[in-house]
């Protein structure tokens with residue numbers, strides 16, 4: 001069985017799916033990512049699907065599951081690079097990709113994760129009465 | 001009801017493992033490109049084939065997929081037959097409902113793939129298993 005590589009860039013894990021995944025490979029990726037999130041303490045996961053020419057219900061569910069798992073592990077997932085034909089097909093298939101954030105490319109995905117992280121840190125400061133208030 | 005004439009020999013792919021589902025996708029893509037389906041239509045028919053081949057494997061216990069080029073006058077198309085000798089589909093109307101599943105999936109395979117193709121035909125019984133024929137035409 002082939003495996004999808006996971007790269008660490010700063011505080012982000014980057015997964016670029018470059019092969020036509022079997023269902024088993026997709027499930028393995030889910031498990032590998034959960035382990036890497038915990039091992040690295042990364043707060044963001046970017047899944048690049050630029051090279052995927054289809055996303056069926058199995059891969060769609062895998063993406064949703066990864067997003068949920070990483071949420072529980074305090075990491076934000078962004079799916080980037082979806083092809084227009086894939087988006088059209090997904091909607092017609094009836095798949096809504098619940099809970100998944102998307103961005104057009106890796107760069108915007110990284111911005112989205114950075115912004116989400118900054119928001120979260122702000123909230124943590126707001127919640128803590130002893131912390132100095134962040135200057136607006 | 002299926003229309004059109006078959007062109008040439010069907011290409012067959014056995015479906016016995018995950019890897020075979022990947023091979024079915026690749027075979028259908030090759031034929032869809034050969035009959036000049038648009039990129040969106042290629043994507044739709046390959047996605048439908050992926051869903052149905054997985055059903056053949058998971059619910060039918062494996063089977064075969066046959067891909068043929070068809071023609072009806074001015075248009076060409078790709079026809080795919082998914083056949084298994086599994087237990088059949090007990091309640092077809094229910095199985096074609098969005099969100100209904102007996103296998104722990106999303107319940108979109110059958111209903112969703114029907115929306116992605118132009119023609120969709122199911123023949124199913126407990127004795128002979130399930131045979132699904134789908135066709136996608138060029139525009």
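Computed from the C-beta positions of residue A:74 and residue B:115 and an R0 of 35 Å, the FRET efficiency is 0.40 to the nearest 0.05.
Principal semi-axes of the equivalent ellipsoid, √(5λ) from the alpha carbon gyration tensor of the protein assembly as shown, are 41, 19, 16 Å from largest down. Each part reduced to its alpha carbon centroid, the range B:77-139 and the range A:100-122 end up 39 Å apart. Answer rounded, prolate or oblate for the range B:62-110, using the Cα gyration tensor with square roots of eigenvalues a ≥ b ≥ c: rounded when a/c is under 1.5, else prolate when a/b is larger than b/c, else oblate. Taking the square roots of the gyration eigenvalues as a ≥ b ≥ c, the range B:62-110 is prolate. Across peptide A:88-98, the average count of Cβ atoms from other chains found within 10 Å of a residue's Cβ is 5. Taking every alpha-carbon pair within the range B:1-135, the share separated by more than 25 Å comes to 19 percent. In chain A, the DSSP-assigned H stretches of four residues or longer account for a calculated mean residue ellipticity at 222 nm of -16000 deg cm²/dmol, using -39500 (n - 2.57) per stretch and the full residue count as denominator.
Result for chain B in a Gaussian network model with C-alpha springs under 10 Å: among B:21, B:33, B:67, the largest mean-square fluctuation is at B:33. Taking all Cα pairs closer than 8 Å and separated by 6 or more residues, the relative contact order of chain B comes to 28 percent. Relative to the longest principal axis of the Cα atoms of chain B, the long axis of helix B:39-58 makes an angle of roughly 30 degrees. Within chain A, what percent of beta bridges assigned by DSSP are antiparallel, to the nearest 5? Restricted to chain A, the bridges split so that about 25 percent are antiparallel. Histogrammed with a bin width of 10 Å, the alpha carbon distances of chain A distribute as 12, 41, 31, 11, 5, 0 percent, first bin at zero. Normalised by the number of residues in chain A, the mean separation of alpha-carbon contacts (under 8 Å, six or more apart) gives a relative contact order of 21 percent.
Express as a percent, rounded to the nearest 5, the fraction of DSSP beta bridges in the protein assembly as shown (both residues included) that run antiparallel.
If I count the DSSP bridges inside the protein assembly as shown, around 75 percent turn out antiparallel.
Where a number appears in this text, it was derived from the coordinates with a stated rule and is not lab data. Note that the structure is predicted; figures quoted are calculated from it, not measured. We place every Cβ from the backbone using ideal geometry, glycine too, and count neighbours over all the protein chains shown.
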